[in-house]
1. When you scan the stretch 13-24, how many residues do you find that are in a helix (DSSP H, G or I) and loosely packed, with under 11 Cβ neighbours inside 10 Å?
2. I'd like to check something: does the stretch 71-91 contain any residue that is surrounded by fewer than 17 Cβ atoms within 10 Å (Cβ to Cβ) and not in a helix (DSSP H, G or I)?
3. Sort out which residues of the stretch 92-106 are more than 16 Å from residue 27 (Cα to Cα) and in a loop (DSSP other than H, G, I, E, B), and write them in order of number.
4. Sort out which residues of the stretch 46-60 are in contact with a helix residue (DSSP H, G or I) (Cβ under 6 Å, 6 or more places away or on another chain) and modelled with pLDDT of 90 or more, and write them in order of number.
5. If you scan the stretch 111-127, which residues turn out to be part of a loop (DSSP other than H, G, I, E, B), closer than 18 Å to residue 29 by Cα and without any contact (Cβ under 8 Å) to a residue 60 or more places away in the chain?
6. What are the residues in the stretch 128-183 that are touching a residue at least 12 places away in the same chain (Cβ under 8 Å) and not in a helix (DSSP H, G or I), if any?
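The values are calculated or read from the model by the stated rules, or taken from the named source; none is laboratory data. The structure presented is a predicted model; accordingly, all values stated were derived computationally and were not measured. Note: ideal-geometry Cβ built from the backbone for every residue, glycine included; neighbour counts use all protein chains shown.
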């Protein structure tokens, strides 16, 4: 059984049971949903394609592939680690059931020996996306780092993961995102594509410069 480290447990109790408010109850679960993220990516793809041409799609495909590989890797590790989620292991944990916040009773006794808590796939996926996106678009480095932070926080707040699960997810996601970037730098010249999407300029909403 996965050991419970004192600092990890203390942080989980603090972030899940003490640092709570009605505003966070509404806001943080949004960062645990994947649908808004893919809607955002689709919107960005349309916008970038309008500015730089249809070739932008390949860079967004790379982002999705990086998240997919990260997710598969996390699932493989989860089943080997077998750590039980806080909502099935820690008395007093807050979690959502059918869209409503509920809390485990103070006398709750864990009834599971294995689970899928370690590492957090949400944290890993968001970090892989962030690292690769910041490599593609360096100007995003000033603010995009907030995405994996909020996603990781939301998973602890929702009782789905311990802080150590999130930290491990961040590390794994950062490594895989960086490996995708290194691989892309080798692959892009073979595909006759710029390494960064901003170097690809074939707008289809604007006429050619010599068009009168």
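1. 3
2. Checking the stretch 71-91: at least one residue is surrounded by fewer than 17 Cβ atoms within 10 Å (Cβ to Cβ) and not in a helix (DSSP H, G or I).
3. Residues satisfying the conditions are 92, 93, 98, 104, 105, 106.
4. Selection gives 59, 60.
5. Correct list: 120 only.
6. Of everything in the stretch 128-183, those that are touching a residue at least 12 places away in the same chain (Cβ under 8 Å) and not in a helix (DSSP H, G or I) turn out to be 137, 144, 145, 158, 159, 160, 161, 162.
For (1) outside any helix (DSSP H, G or I); (2) modelled with pLDDT of 90 or more; (3) more than 29 Å from residue 113 (Cβ to Cβ), each residue gets a yes or a no:
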site	(1), (2), (3)
1	yes, no, no
7	no, yes, no
11	no, yes, no
26	no, yes, yes
30	no, yes, yes
38	no, no, yes
44	no, no, yes
